[in-house]
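Encoded as structure tokens, the structure appears first; notes follow it.
The values are calculated or read from the model by the stated rules, or taken from the named source; none is laboratory data. From a predicted model like this one, the values you see are computed outputs, not experimental measurements. FYI the Cβ positions are ideal-geometry reconstructions off the backbone, even for glycines, and counts take in every protein chain you see. Side chains are part of the model used for accessible areas, which takes the heavy atoms of the whole protein and leaves out ligands, DNA and RNA. Shrake-Rupley method; radii C 1.70, N 1.55, O 1.52, S 1.80 Å.
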Amino acid sequence: MSGLSPRLAAVVDALPLRTGMRVLEIGGAPGAAAREVARRIGPGGHVLVVDRSARGIALTSRNAAEEIRDGRLSVRRVAVEELVLLPGEAPYDLAFAVRVGALDGRHPTAGERALPRIAAALVPGGRLLVDGGDPLRDVDLRPAPLV
């Protein structure tokens, strides 16, 4: 796996990827992990990279030009707490994030707003995996029970 740091390589290796799946990477600039995920899920799959940074989206677009051209990867500039699927866009099977403040505890208010948005972008039973485990941890996307 060329071009990935050992940390990112461990993250991608830990993802439960399968051929043809749809994967959402949150905060994925500059696109190294997304490109490797796209390679692993094959031509029938798709990776969407969302990032709040215009610079990050531009960098990912440049780095992943081949995958974008082939329809295996796309990019969207949006904060995860404002993420909404586009009309007709199919939901994703899996979401993952590495060093995203809204999901790693650095920005808990943004995280509270992001989790329902992520859940709505995933198929029923879809998973969100974030760094902070060994190397990833599952995030519970079920709504909190009413008390």
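Of the residues that sit in region 40-73 and are in contact (Cβ under 8 Å) with a residue 24 or more places away in the chain and more than 22 Å from A121 (Cα to Cα), which one is least open to solvent (accessible area, probe 1.4 Å)?
A64
Looking at A90, A95, can you tell me which residue is in contact (Cβ under 8 Å) with a residue 40 or more places away in the chain, farther than 19 Å from D13 by Cα, touching a strand residue (DSSP E or B) at 6+ places or on another chain (Cβ under 8 Å) and small (G, A, S)?
Checking each option against the conditions leaves just A90.
How about region 103-135: which of its residues are out of contact with any helix residue (DSSP H, G or I) (no Cβ under 7 Å at 6 or more places or on another chain) and in a helix (DSSP H, G or I)?
Those that are out of contact with any helix residue (DSSP H, G or I) (no Cβ under 7 Å at 6 or more places or on another chain) and in a helix (DSSP H, G or I): P108, T109, G111, E112, L115, P116, A119, A120, A121.
Looking at E82, is it among the acidic types (D, E), in contact with a strand residue (DSSP E or B) (Cβ under 6 Å, 6 or more places away or on another chain) and at pLDDT 95 or above?
no
Closer than 22 Å to A110 by Cβ and modelled with pLDDT of 95 or more, is that true of L24?
Answer is yes for this residue.
Scan region 75-95 and give yes if some residue there is closer than 17 Å to V130 by Cα, among the small types (G, A, S), more than 15 Å from the chain's Cα centre (by Cα) and surrounded by 13 or more Cβ atoms within 10 Å (Cβ to Cβ), otherwise no.
no
Considering only residues that are out of contact with any strand residue (DSSP E or B) (no Cβ under 9 Å at 6 or more places or on another chain) and surrounded by 12 or more Cβ atoms within 10 Å (Cβ to Cβ), look in region 112-132 and name the one that is modelled with the lowest pLDDT.
G132
Working only within region 136-147, note down all residues that are in a strand (DSSP E or B) and either within 13 Å of V11 (Cβ to Cβ) or open to solvent by 40 Å² or more (accessible area, probe 1.4 Å) (or both).
L136, R137, D138
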